[in-house]
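**Student:** This is the structure I want to talk about, given as structure tokens.
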Amino acid sequence: MKTFLYDGTFEGLLTAIYDSFYSKVPPIGIFKSESYNSLLLYEIIYIETDEIKAKKVMNAIITKIDSKTLQNLYIVFLSNNKDAGIIALKYIKAAFNLGKDIHAFLNLDIVKIVEDIRRRVYLEAHRFEGFIRFSLIENKFLYSSIEPDNDILELIAAHFSSRFSNEYFIIHDINREKALIYNKRAWEITHMTVDDYNLFKSTKDKYIDLWKCYFESTTIKERKNPKLQKRMMPIRYWKHLSEF
């Protein structure tokens with residue numbers, strides 16, 4: 001039984017999918033090498049990212065199926081589903097068989113799984129568009145730390161670039177050690193460590209104190225509803241909300 005490991009990039013996943021199609025014995029799993037826990041029973045195959053193979057898969061999906069299928073594949077890649085790799089492979093195999101009509105086959109398990117993943121990832125991205133709080137660092141740029149379940153930085157980039165088009169800002173995904181950085185002209189995703197988080201969080205921001213005062217002054221104690229609050233704003237997000 002084979003298990004494919006790739007370098008954690010989308011091109012790496014596409015390369016693994018390409019090699020899976022041409023493998024006499026398809027893999028039972030496709031994982032990012034950094035997060036894989038070895039099982040002695042499985043034969044490990046390390047997939048070296050090949051830009052040509054990745055582009056062939058991408059072009060085949062667009063021309064023989066449609067761009068929405070490629071987008072769904074990318075969303076699966078961004079998700080935190082532990083079986084994302086093999087789900088992506090099964091989905092693409094089904095899509096090549098069914099063509100652009102695949103989106104209508106919600107009775108198929110693999111199509112339903114991908115649709116559920118897509119909905120969950122976009123829902124989290126939408127939540128963070130409202131939950132993110134910024135701190136002003138040395139009167140130079142805005143900084144926010146987040147710990148999302150899925151890799152959503154790219155999905156929220158357009159929203160915050162438009163909303164804060166005249167600001168420099170950083171949205172830091174602590175667990176993945178990467179950040180969305182905007183410089184008033186364009187955004188990019190770059191590496192950023194937990195040490196950077198500790199440094200920025202130790203910086204005093206007077207506006208946070210003002211926001212806390214405003215939050216407390218507008219709170220009607222008699223109308224507090226903790227259960228509703230937790231449902232609308234899950235506890236796992238509270239760590240990075242300045243009002244808490």
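**Student:** Find the residue count for segment 142-155, including only residues that are farther than 19 Å from V194 by Cβ and either in contact with a Phe, Trp or Tyr (Cβ under 8 Å, 6 or more places away or on another chain) or among the aromatic types (F, W, Y) (or both).
**Tutor:** 2
**Student:** Check off (1) modelled with pLDDT of 95 or more; (2) assigned to a helix (DSSP H, G or I) for E188 and give me the number that stays unchecked.
**Tutor:** Only one criterion is unmet by E188, namely (2).
**Student:** Sticking with this structure for a sec: Going residue by residue through segment 52-60, is there one that turns out to be closer than 20 Å to V114 by Cβ, in a loop (DSSP other than H, G, I, E, B) and open to solvent by less than 60 Å² (accessible area, probe 1.4 Å)? Give the steps one after another, and end with the answer.
**Tutor:** If we filter segment 52-60 for residues that are closer than 20 Å to V114 by Cβ, which is where we start, we get 54, 57-58, 60.
Going one step further and asking which of them are in a loop (DSSP other than H, G, I, E, B), we end up with none.
Within segment 52-60 (the criterion being closer than 20 Å to V114 by Cβ, in a loop (DSSP other than H, G, I, E, B) and open to solvent by less than 60 Å² (accessible area, probe 1.4 Å)), the answer is no, since none of the residues qualifies.
**Student:** Within segment 16-26, is even one residue at pLDDT 95 or above, of a type in the set (V, I, T), closer than 28 Å to R119 by Cβ and out of contact with any Gly (no Cβ under 8 Å at 6 or more places or on another chain)?
**Tutor:** Yes; the residues of segment 16-26 include at least one that is at pLDDT 95 or above, of a type in the set (V, I, T), closer than 28 Å to R119 by Cβ and out of contact with any Gly (no Cβ under 8 Å at 6 or more places or on another chain).
**Student:** Identify, please: which residue in segment 4-44 is open to solvent by less than 60 Å² (accessible area, probe 1.4 Å) and farther than 23 Å from L70 by Cα and is, among those, nearest to the chain's Cα centre (by Cα)?
**Tutor:** Looking at the filtered set, the residue picked out is Y36.
**Student:** Does I110 satisfy the condition of being in the same structural domain as G12 (by the TED database), under 24 Å from the mean Cα position of the chain (by Cα), surrounded by 15 or more Cβ atoms within 10 Å (Cβ to Cβ) and hydrophobic (A, V, I, L, M, F, W, C)?
**Tutor:** Numbers: in the same structural domain as G12 (by the TED database): yes; under 24 Å from the mean Cα position of the chain (by Cα): yes; surrounded by 15 or more Cβ atoms within 10 Å (Cβ to Cβ): yes; hydrophobic (A, V, I, L, M, F, W, C): yes.
Yes; evaluated as a whole, the condition is true for this residue.
**Student:** What residue, among those in segment 135-170 that are open to solvent by 40 Å² or more (accessible area, probe 1.4 Å) and in a helix (DSSP H, G or I), is nearest to R120 (Cα to Cα)? Walk me through how you get there before you give the answer.
**Tutor:** Taking segment 135-170 and keeping what is open to solvent by 40 Å² or more (accessible area, probe 1.4 Å), we get 136, 138-141, 147, 149, 154-155, 158-159, 162-168.
Now restrict to residues that are in a helix (DSSP H, G or I): 154-155, 158-159, 162-163.
Details: E154: 15, L155: 13, A158: 19, H159: 18, S162: 23, R163: 23 Å.
If we take residues in segment 135-170 being open to solvent by 40 Å² or more (accessible area, probe 1.4 Å) and in a helix (DSSP H, G or I), then L155 is nearest to R120 (Cα to Cα).
**Student:** Shifting gears a bit: Run N72 past the list (1) in the same structural domain as S20 (by the TED database); (2) at pLDDT below 95; (3) not aromatic (F, W, Y) and report the number of the one that doesn't hold.
**Tutor:** Result: N72 passes all but (2).
**Student:** Still on this structure, please answer the following. Residues that are touching a residue at least 24 places away in the same chain (Cβ under 8 Å), crowded, with 21+ Cβ neighbours inside 10 Å and closer than 29 Å to Y36 by Cα: does segment 90-105 have at least one?
**Tutor:** yes
The values are calculated or read from the model by the stated rules, or taken from the named source; none is laboratory data. Remember, predicted model here, so these are calculated numbers, not experimental data. Counting neighbours? That spans all protein chains shown, and the Cβs are built from the backbone with ideal geometry, glycine included. The area values use the complete protein model at the heavy-atom level, side chains included, leaving out ligands, DNA and RNA. Shrake-Rupley method; radii C 1.70, N 1.55, O 1.52, S 1.80 Å.
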